[in-house]
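The values are calculated or read from the model by the stated rules, or taken from the named source; none is laboratory data. From a predicted model like this one, the values you see are computed outputs, not experimental measurements. Cβ atoms come from the backbone with ideal geometry, glycine included; neighbour counts cover every protein chain shown. Accessible surface is based on the protein model in full, side chains and every heavy atom, while ligands, DNA and RNA are left aside. Shrake-Rupley method; radii C 1.70, N 1.55, O 1.52, S 1.80 Å.
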Amino acid sequence: MYLPSQFEETRADVLHQLVREHPLATLVHLGPNGLEANHVPLHLHCAPGEPVVLRGHVARANAIWREADLSVPVLAVFQGAQHYISPNWYASKAEGGKVVPTWNYAVVHAKGLLRIRDDAAWVRAQMQALTTQQEAPQSHPWAVDDAPADYTERLLNAVVGLELVVDSLQGKWKVSQNQSVANQSSVHSALQADGSAQAADMAALVQGYGGQDGPGL
(Lines give C-alpha, C1' and ligand atoms only; values in the text may rest on other atoms or scores of the structure.)
Protein backbone atom coordinates (compact mmCIF):
# COMPACT_ATOMS: atom_id res chain seq x y z
CA MET A 1 0.00 0.00 0.00
CA TYR A 2 1.27 3.46 -0.88
CA LEU A 3 1.61 5.09 2.53
CA PRO A 4 2.95 8.66 2.84
CA SER A 5 4.02 9.37 6.40
CA GLN A 6 1.36 12.03 7.03
CA PHE A 7 -1.37 9.45 6.41
CA GLU A 8 0.12 6.60 8.44
CA GLU A 9 -1.76 5.43 11.54
CA THR A 10 0.25 3.15 13.81
CA ARG A 11 -1.71 3.13 17.09
CA ALA A 12 -2.81 -0.44 17.69
CA ASP A 13 -6.00 0.54 19.52
CA VAL A 14 -7.11 2.74 16.61
CA LEU A 15 -6.39 0.00 14.06
CA HIS A 16 -8.20 -2.60 16.16
CA GLN A 17 -11.21 -0.32 16.57
CA LEU A 18 -11.63 0.08 12.81
CA VAL A 19 -11.46 -3.68 12.33
CA ARG A 20 -14.09 -4.23 15.01
CA GLU A 21 -16.38 -1.54 13.62
CA HIS A 22 -15.96 -2.67 10.00
CA PRO A 23 -15.34 -6.43 10.23
CA LEU A 24 -16.28 -7.29 6.63
CA ALA A 25 -12.85 -7.84 5.08
CA THR A 26 -11.77 -8.26 1.50
CA LEU A 27 -9.60 -11.35 1.91
CA VAL A 28 -7.06 -11.76 -0.91
CA HIS A 29 -5.15 -15.00 -1.35
CA LEU A 30 -3.09 -16.84 -3.94
CA GLY A 31 -4.87 -19.78 -5.53
CA PRO A 32 -4.29 -22.04 -8.54
CA ASN A 33 -5.78 -19.39 -10.84
CA GLY A 34 -3.80 -16.50 -9.40
CA LEU A 35 -5.10 -13.90 -6.96
CA GLU A 36 -8.59 -14.49 -5.56
CA ALA A 37 -10.70 -12.24 -3.32
CA ASN A 38 -13.46 -13.18 -0.90
CA HIS A 39 -15.54 -10.96 1.35
CA VAL A 40 -15.54 -12.43 4.84
CA PRO A 41 -16.51 -10.96 8.24
CA LEU A 42 -13.49 -11.45 10.50
CA HIS A 43 -13.45 -11.23 14.29
CA LEU A 44 -10.32 -9.75 15.84
CA HIS A 45 -8.85 -11.66 18.77
CA CYS A 46 -6.14 -9.90 20.75
CA ALA A 47 -4.86 -11.18 24.09
CA PRO A 48 -1.82 -9.92 26.06
CA GLY A 49 1.35 -11.70 25.01
CA GLU A 50 -0.32 -13.37 22.02
CA PRO A 51 -0.30 -12.47 18.31
CA VAL A 52 -3.29 -10.65 16.84
CA VAL A 53 -5.57 -13.18 15.13
CA LEU A 54 -8.50 -12.71 12.75
CA ARG A 55 -11.10 -15.47 12.70
CA GLY A 56 -13.97 -16.16 10.34
CA HIS A 57 -15.69 -18.84 8.31
CA VAL A 58 -16.79 -19.51 4.74
CA ALA A 59 -19.20 -21.89 3.06
CA ARG A 60 -17.76 -25.36 2.61
CA ALA A 61 -18.46 -24.94 -1.11
CA ASN A 62 -16.05 -21.97 -1.19
CA ALA A 63 -12.79 -23.21 -2.71
CA ILE A 64 -10.56 -20.96 -0.61
CA TRP A 65 -10.07 -23.50 2.16
CA ARG A 66 -9.01 -26.22 -0.30
CA GLU A 67 -7.09 -24.18 -2.87
CA ALA A 68 -5.36 -21.32 -1.00
CA ASP A 69 -1.58 -21.63 -0.88
CA LEU A 70 -1.10 -21.69 2.90
CA SER A 71 2.63 -21.02 2.56
CA VAL A 72 1.95 -17.56 1.06
CA PRO A 73 0.64 -14.72 3.27
CA VAL A 74 -2.90 -13.49 2.63
CA LEU A 75 -4.12 -9.89 2.79
CA ALA A 76 -7.26 -8.77 4.61
CA VAL A 77 -8.43 -5.23 3.79
CA PHE A 78 -10.84 -3.44 6.15
CA GLN A 79 -12.54 -0.33 4.76
CA GLY A 80 -13.54 2.33 7.25
CA ALA A 81 -15.02 5.77 6.65
CA GLN A 82 -14.66 7.10 3.11
CA HIS A 83 -16.01 10.07 1.14
CA TYR A 84 -15.48 12.03 -2.08
CA ILE A 85 -13.98 15.49 -1.51
CA SER A 86 -15.11 18.18 -3.97
CA PRO A 87 -12.76 21.01 -5.03
CA ASN A 88 -15.65 23.35 -4.25
CA TRP A 89 -15.16 22.56 -0.57
CA TYR A 90 -11.67 24.06 -0.34
CA ALA A 91 -11.37 27.58 1.01
CA SER A 92 -8.32 28.04 -1.23
CA LYS A 93 -10.46 27.61 -4.37
CA ALA A 94 -11.10 31.37 -4.29
CA GLU A 95 -7.36 32.07 -4.36
CA GLY A 96 -6.79 30.98 -7.95
CA GLY A 97 -8.72 27.78 -8.45
CA LYS A 98 -5.71 25.47 -8.09
CA VAL A 99 -7.65 22.62 -6.49
CA VAL A 100 -8.68 19.15 -7.67
CA PRO A 101 -11.02 16.42 -6.40
CA THR A 102 -9.77 13.69 -4.11
CA TRP A 103 -11.07 10.87 -1.96
CA ASN A 104 -10.68 10.62 1.80
CA TYR A 105 -10.64 7.23 3.48
CA ALA A 106 -9.46 5.13 6.41
CA VAL A 107 -8.29 1.55 5.83
CA VAL A 108 -6.46 -1.22 7.64
CA HIS A 109 -4.40 -3.89 5.87
CA ALA A 110 -3.66 -7.11 7.77
CA LYS A 111 -1.19 -9.66 6.42
CA GLY A 112 -0.28 -13.10 7.67
CA LEU A 113 -0.52 -16.81 7.06
CA LEU A 114 -3.91 -18.47 6.80
CA ARG A 115 -4.92 -21.53 8.79
CA ILE A 116 -7.89 -23.75 8.01
CA ARG A 117 -10.10 -24.72 10.96
CA ASP A 118 -12.38 -27.56 9.86
CA ASP A 119 -13.68 -28.01 13.38
CA ALA A 120 -17.35 -27.49 14.30
CA ALA A 121 -16.56 -26.51 17.91
CA TRP A 122 -14.01 -23.92 16.75
CA VAL A 123 -16.44 -22.48 14.19
CA ARG A 124 -19.22 -22.29 16.77
CA ALA A 125 -16.95 -20.33 19.14
CA GLN A 126 -15.97 -17.99 16.30
CA MET A 127 -19.62 -17.44 15.35
CA GLN A 128 -20.52 -16.73 18.96
CA ALA A 129 -17.70 -14.20 19.36
CA LEU A 130 -18.57 -12.31 16.16
CA THR A 131 -22.30 -12.42 16.87
CA THR A 132 -21.82 -11.12 20.41
CA GLN A 133 -19.75 -8.23 19.06
CA GLN A 134 -22.27 -7.29 16.35
CA GLU A 135 -25.39 -7.78 18.45
CA ALA A 136 -24.11 -5.67 21.37
CA PRO A 137 -26.00 -2.50 20.30
CA GLN A 138 -29.33 -4.35 20.12
CA SER A 139 -31.79 -3.98 22.99
CA HIS A 140 -32.32 -7.76 22.95
CA PRO A 141 -29.15 -9.27 21.45
CA TRP A 142 -29.56 -12.46 19.46
CA ALA A 143 -27.28 -15.39 20.37
CA VAL A 144 -26.31 -18.50 18.44
CA ASP A 145 -28.00 -20.64 21.09
CA ASP A 146 -31.32 -18.90 20.36
CA ALA A 147 -31.71 -21.02 17.20
CA PRO A 148 -32.73 -24.70 17.43
CA ALA A 149 -29.70 -26.90 18.15
CA ASP A 150 -30.31 -29.29 15.28
CA TYR A 151 -30.59 -26.35 12.87
CA THR A 152 -27.29 -24.78 13.94
CA GLU A 153 -25.54 -28.16 13.85
CA ARG A 154 -26.51 -28.59 10.22
CA LEU A 155 -25.25 -25.10 9.42
CA LEU A 156 -21.96 -25.70 11.24
CA ASN A 157 -21.31 -28.73 9.06
CA ALA A 158 -21.79 -26.56 5.97
CA VAL A 159 -19.00 -24.09 6.80
CA VAL A 160 -15.25 -24.15 7.41
CA GLY A 161 -13.27 -21.89 9.73
CA LEU A 162 -10.44 -19.58 8.69
CA GLU A 163 -7.80 -18.06 10.95
CA LEU A 164 -5.31 -15.38 9.94
CA VAL A 165 -2.36 -14.96 12.28
CA VAL A 166 -1.39 -11.32 11.75
CA ASP A 167 2.27 -10.45 11.31
CA SER A 168 1.71 -7.03 9.71
CA LEU A 169 -1.00 -4.47 10.47
CA GLN A 170 -0.95 -1.18 8.54
CA GLY A 171 -3.32 1.75 8.81
CA LYS A 172 -3.86 4.59 6.36
CA TRP A 173 -6.03 7.53 7.38
CA LYS A 174 -6.10 9.91 4.38
CA VAL A 175 -8.34 12.58 5.86
CA SER A 176 -7.09 15.95 4.53
CA GLN A 177 -3.95 16.15 6.70
CA ASN A 178 -2.07 17.40 3.62
CA GLN A 179 -4.34 20.44 3.32
CA SER A 180 -4.05 23.82 5.02
CA VAL A 181 -5.96 24.38 8.25
CA ALA A 182 -8.34 26.65 6.33
CA ASN A 183 -9.07 23.91 3.80
CA GLN A 184 -9.46 21.31 6.53
CA SER A 185 -11.99 23.55 8.23
CA SER A 186 -13.97 24.19 5.04
CA VAL A 187 -13.97 20.48 4.13
CA HIS A 188 -15.19 19.65 7.63
CA SER A 189 -18.03 22.19 7.30
CA ALA A 190 -19.06 20.85 3.87
CA LEU A 191 -19.12 17.29 5.14
CA GLN A 192 -21.24 18.29 8.12
CA ALA A 193 -23.66 20.12 5.81
CA ASP A 194 -24.04 16.99 3.67
CA GLY A 195 -26.20 15.41 6.37
CA SER A 196 -25.42 11.77 5.58
CA ALA A 197 -23.98 9.34 8.10
CA GLN A 198 -21.09 8.63 5.73
CA ALA A 199 -20.21 12.33 5.55
CA ALA A 200 -20.56 12.73 9.33
CA ASP A 201 -18.09 9.89 9.91
CA MET A 202 -15.54 11.52 7.61
CA ALA A 203 -16.13 14.97 9.13
CA ALA A 204 -15.22 13.52 12.53
CA LEU A 205 -11.96 12.12 11.15
CA VAL A 206 -11.03 15.37 9.38
CA GLN A 207 -11.58 17.22 12.64
CA GLY A 208 -9.78 14.62 14.73
CA TYR A 209 -6.66 14.51 12.54
CA GLY A 210 -6.59 18.15 11.43
CA GLY A 211 -4.62 21.16 12.52
CA GLN A 212 -0.97 22.03 12.21
CA ASP A 213 -0.32 21.10 15.84
CA GLY A 214 -1.92 17.67 15.76
CA PRO A 215 -5.49 16.38 16.18
CA GLY A 216 -8.25 18.96 16.24
CA LEU A 217 -8.95 21.87 13.93
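For the stretch 10-15, 3J(HN,Hα) computed residue by residue from phi via the Karplus equation (6.51, -1.76, 1.60; θ = phi - 60°) reads 10, 5, 4, 5, 5, 5 Hz, glycine and proline entered as x. How would you classify the stretch 61-103 from its alpha-carbon gyration tensor, with a ≥ b ≥ c the square roots of the eigenvalues: rounded for a/c under 1.5, else prolate if a/b is greater than b/c, otherwise oblate? Prolate, since a/c reaches 1.5 and a/b exceeds b/c. Averaged per residue, the stretch 38-85 has 48 square angstrom of accessible surface, using a 1.4 angstrom probe with ligands and nucleic acids left out. Karplus-based coupling profile of the stretch 147-159, in residue order and whole Hz: 7, x, 4, 5, 5, 5, 5, 5, 5, 4, 6, 9, 10, with θ = phi - 60° in 6.51 cos²θ - 1.76 cosθ + 1.60 and x standing for Gly or Pro.
Remark: the stretch 112-117, residue by residue, has Karplus-estimated 3J(HN,Hα) of x, 7, 8, 10, 9, 10 Hz, where x stands for each Gly or Pro and the curve is 6.51 cos²θ - 1.76 cosθ + 1.60 at θ = phi - 60°. The mean sequence distance of close C-alpha pairs (under 8 Å, at least 6 residues apart), as a share of the length of the stretch 72-217, puts its relative contact order at 28 percent. Mean separation of Cα pairs under 8 Å and 6 or more residues apart, divided by the residue count, gives the stretch 1-156 a relative contact order of 19 percent.
Could you tell me how far the Cα centroid of the stretch 9-26 sits from the Cα centroid of the stretch 32-88, in Å? Spelled out, the Cα-based centre of one part sits 12 Å from the other. Extension gain, R20 to A182, is 55.1 nm, computed as 0.36 nm per intervening residue step minus the present C-alpha separation. Placing V58, V72 in order of accessible area, with the largest value first and a 1.4 Å probe, yields V72, V58. Pairing the Cα long axis of helix 197-209 with the longest principal axis of the chain, what angle in degrees results, from 0 to 90 and rounded to the nearest 10? For helix 197-209, the angle is close to 70 degrees. For L114, the residues 5 or more places off, or on other chains, whose built amide H falls under 5 Å of its own are V74.
When the Cα gyration tensor is reduced to axis lengths a ≥ b ≥ c, the ratio a/c is 1.5 or higher for the stretch 139-197, and with a/b not above b/c it is classed as oblate. By definition, a body whose alpha carbon gyration tensor gives a ≥ b ≥ c is oblate when a/c is 1.5 or more and a/b is not larger than b/c, and the stretch 93-139 fits this oblate description.
Test of understanding: given the chain, find the longest segment containing no chymotrypsin sites (Phe, Trp or Tyr not before Pro) that are in a DSSP loop and have at most 14 other Cβ atoms within 10 Å. Answer - 3-141.
Beta bridges assigned by DSSP with both partners in the stretch 1-131 are antiparallel in approximately 100 percent of cases. For V159, the amide hydrogen comes within under 5 Å of the amide hydrogens of R60, counting only partners 5 or more places away or on other chains and with H modelled in the peptide plane. Within the accessible surface of the chain, defined with a 1.4 Å probe on protein heavy atoms only, the carbon and sulfur portion equals 52 percent.
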